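I have placed the structure first, in the form of structure tokens, so that the comments after it can refer back to it.
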Amino acid sequence: MRTPTVVGNWKMNTTLKEATALANALRRELDRVDGVEVAICPPYVYLLDVADQVRDSRIGLGAQDCHWETRGAFTGEVSPGMLRDVGCAYVVLGHSERRNLMGEKDDLVNRKVRAALAARLTPIVCVGELLEERDRGAAEAVVRGQLEGSLAGLGPAELEDVILAYEPVWAIGTGRTATPGQAQEIHAMIRAWLRKRFGSSGEGVRILYGGSVKPDNMADLMAQADVDGALVGGASLEAASFASIVKYRKENR
Ligand code: PEP
């Protein structure tokens, strides 16, 4: 049984005041939500303040990236251990904005995944194709390649602590969501790949969908057999919309 999981990626947004207010509003909105794992990923500099707002609540804390070393001369970087130290349980890795704007490749993502696991953080590993790759029929091959590279060297036990996020790049921040069928097609391919590579451990891995998830498309996406949750960007910056995504099931409303 895979616990439905909803993660908000705030990216480089909010002021300190907005960040604490948003976390506080979410804490109130999500107080009674049952059966859904929820996390928010504010910018690094607000992690401690947001941690104060969500302490002992249903909302977990995550970061948007980390370095692969534990410490040292890496100016501007933040280690997985530092993230744990300030209360993080999750870290988003290999987001398409880091892959495409910062040139992060699968081998680098893989080093970060291993470092996050070693620090007992749950890595949320993002994969997804560009529009041009989808148009030439290469979506599955691209995603498979990213999985192979990003999860290289992991064993079945380590895999159990990993969350995956399929985020077609053409659907991120564009308002153009993949149809539930398009999402399921890739999620099913990912599940099959996981089973083949990791055996039964692949069954329990949560695969989130990301790309313009909104309150009005969440339930249809979640109705797909291999969609286990959502990684939400834009709609996670507004408490009411993120909360209604989390409350996609009638019994939680
Ligand atoms: C994201 O950045 O991970 C994302 C899915 O963004 P949005 O929801 O805004 O498309």
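The values are calculated or read from the model by the stated rules, or taken from the named source; none is laboratory data. Just so we're clear, the structure is a prediction, and the values are computed from it rather than from any experiment. Because the Cβ atoms are built from the backbone with ideal geometry, glycine has one as well, and the counts that use them run over all protein chains shown.
Assorted remarks:
- When the criteria are applied in full, L30 meets the requirement of being over 26 Å from E97 (Cα atoms), surrounded by 15 or more Cβ atoms within 10 Å (Cβ to Cβ) and either touching a residue at least 60 places away in the same chain (Cβ under 8 Å) or aromatic (F, W, Y) (or both).
- Residues located in the stretch 47-77, provided they are in contact with a Leu (Cβ under 9 Å, 6 or more places away or on another chain), aliphatic (A, V, I, L, M) and not in a helix (DSSP H, G or I): I59, L61, A63
- Considering the stretch 128-185, and only residues there that are of a type in the set (S, T, Y) and more than 17 Å from the chain's Cα centre (by Cα), the residue that is nearest to the ligand (Cβ to nearest atom) turns out to be T174.
- Identity of the residue in the stretch 202-244, of a type in the set (S, T, N, Q) and under 16 Å from Q184 (Cβ atoms), that ends up farthest from the ligand (Cβ to nearest atom): Q224
- Test: residue in the stretch 59-82 that is within 29 Å of G155 (Cβ to Cβ), aromatic (F, W, Y) and within 16 Å of the ligand (Cβ to nearest atom): no
- Residue within the stretch 26-38 that is away from the ligand (no atom under 16 Å from the Cβ) and in contact with a Leu (Cβ under 9 Å, 6 or more places away or on another chain) present: yes
- Residues in the stretch 2-35 that are β-branched (V, I, T) and either assigned to a loop (DSSP other than H, G, I, E, B) or touching a Ser or Thr at 6+ places or on another chain (Cβ under 6 Å) (or both): T3, T14, T15, V33.
- Any chance E97 is modelled with pLDDT of 95 or more and more than 14 Å from the ligand (Cβ to nearest atom): no
- Scan of the stretch 159-214 for residues that are surrounded by 15 or more Cβ atoms within 10 Å (Cβ to Cβ), of a type in the set (K, R) and assigned to a helix (DSSP H, G or I), ordered by number: R191, R197
- Residues located in the stretch 164-192, provided they are within 18 Å of E148 (Cα to Cα) and in contact with a Gly (Cβ under 8 Å, 6 or more places away or on another chain): A165, Y166, E167, P168, R191
- Every listed requirement among (1) on the phi > 0 side of the Ramachandran plot; (2) within 12 Å of the ligand (Cβ to nearest atom) is met by G199 save one, (2).
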